[in-house]
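Everything below concerns the one structure shown next.
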Amino acid sequence: MDFSRQKGIFNPKLYQTQINLIGVGALGSFIALSLAKMGLNKISVWDGDKVEEHNLPNQFYRREDLEEFKVYALEDIIWKFAGVKIKAHPEYYRNQPLAGIVISAVDSMDTRKDIWVQIRRQRQIEFYLDVRMGGEVATIYAIKPSLEREFYEKSLYTSDEALHLPCTEQSIIYTVLGVACASASIVKKYLTGEPYPKELQLDFKLQLVIKN
């Protein structure tokens, strides 16, 4: 792909960092697209779910992908849209050794806590994004695990303590796209050495950045 229109902002040829994306539902599927379209081509994805009908309005999948593992459908889509061959793991993440950048885009606080327990002492992980969304509000945590563990762990709680939205108010496409864009921008800032927010809170209903 020709990246001449963006290379003054971000030249992907300068970066070969491994990116590991855990969860490729609404947020994860569009984050994968954004990173691949930026030219990052070492992307591995983990998810054990298959595409269902209710996923189609807010996830980067097609009707033809119904009943297919999300990671395999995304592998085909990313190749066709961006010319990047991602590495698909049709399973939930279970303590495999990781390196580089890890992005958690799961939909449960209990799962999020479990992932953190598995990765927090893996020394090859240099940067970690935890991307959270509920309805029209989202939060992104961006940390270096070896340095900012205490800060991040204060943000963790159980699924029982989480705000439970009605099933008809959990996700909508413009929130998904906005959060995916913000996540890709933070990855870019980390790679290029620019300042990035450790905690970014976005309210798409009020059109506000709550905390940066």
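Per residue, what accessible area does the range 21-121 have, given a 1.4 Å probe and all protein chains present, in Å²? Each step should come with its number before you reach the end.
Values: 4410 Å² over 101 residues.
That works out to 44 Å² for each residue.
Which whole-number percentage describes the relative contact order of the chain, with Cα contacts under 8 Å and a sequence gap of 6 or more? Working shown, then result.
Numbers: 388 pairs, mean separation 42.2, N = 212.
It comes to 20 percent, rounded to a whole number.
On a C-alpha basis, how far is the centre of the range 17-44 from the centre of the range 66-140 in Å? Whole number, if you could?
Rounded to whole Å, the Cα centres lie 8 Å apart.
By the scheme Lys and Arg +1, Asp and Glu -1, what is the net charge of all other residues having a beta-carbon under 15 Å from that of residue 187?
On the way: positive: 37, 42, 144, 188, 189, 198; negative: 126, 130, 194.
Here the charged neighbours net out to +3.
Using Cα-Cα distances under 8 Å and only pairs 6 or more residues apart, what relative contact order does the range 88-144 have, in percent?
Working: 71 pairs, mean separation 19.8, N = 57.
Relative contact order, the range 88-144: 35 percent.
With viscosity set to 1.567 mPa s at 4 °C, what whole-number translational diffusion coefficient in µm²/s follows for the range 40-99 from Stokes-Einstein and a Kirkwood radius over Cα pairs? List each step's numbers first, then the result.
Working: Rh = 12.1 Å.
Stokes-Einstein gives a translational diffusion coefficient of 107 µm²/s.
Return a whole-number percent for the relative contact order of the range 1-91, with Cα pairs under 8 Å and 6 or more residues apart as the contact set.
Numbers: 145 pairs, mean separation 27.6, N = 91.
Once normalised by length, the contact order is 30 percent.
Of (i) 1.44; (ii) 1.03; (iii) 0.93, which is the value of Rg/Rh (Cα atoms, Kirkwood Rh) derived from the coordinates here?
So the calculated entry is the one marked (iii).
Can you give me the span-like helices of the chain, meaning DSSP H runs with 20 Å or more of Cα extent along the axis and Kyte-Doolittle mean at or above 0.0? Working shown, then result.
Details: long enough: 173-192 (28 Å, 1.17).
Qualifying helices: 173-192.
Tell me the mean residue ellipticity at 222 nm calculated for the chain from its helices only (DSSP H runs of n ≥ 4, each -39500 (n - 2.57), averaged over every residue, nearest 500).
Details: 5 runs with 62 residues, N = 212.
After summing the helix terms and dividing by the residues of the chain, the value is -9000 deg cm²/dmol.
Classify the range 69-183 as rounded, prolate or oblate, taking a ≥ b ≥ c as the square roots of the eigenvalues of its Cα gyration tensor: rounded when a/c is under 1.5, otherwise prolate if a/b is larger than b/c and oblate if not.
Details: a/c = 1.64, a/b = 1.05, b/c = 1.56.
Oblate, since a/c reaches 1.5 and b/c is not below a/b.
Kindly give the semi-axes, whole Å and largest first, of the ellipsoid equivalent to the range 5-77, taking each as the square root of 5 times a Cα gyration tensor eigenvalue. Present the calculation step by step, with values, prior to reporting the outcome.
Values: eigenvalues 132, 31, 16 Å².
In descending order, the three semi-axes are 26, 13, 9 Å.
Ignoring any ligand, DNA or RNA, what whole percent of the accessible area of the chain comes from carbon and sulfur when the probe is 1.4 angstrom?
Values: 5690 of 11150 Å².
Carbon plus sulfur share of accessible area: 51 percent.
The values are calculated or read from the model by the stated rules, or taken from the named source; none is laboratory data. Computed from a predicted model, the values in this text were never measured in an experiment. Every residue, glycine as well, gets a Cβ built from its backbone with ideal geometry; the counts of neighbours run over all protein chains shown. Just so you know, the surface numbers come from the protein's heavy atoms only, side chains and all, with ligands and any DNA or RNA stripped out. Shrake-Rupley method; radii C 1.70, N 1.55, O 1.52, S 1.80 Å.
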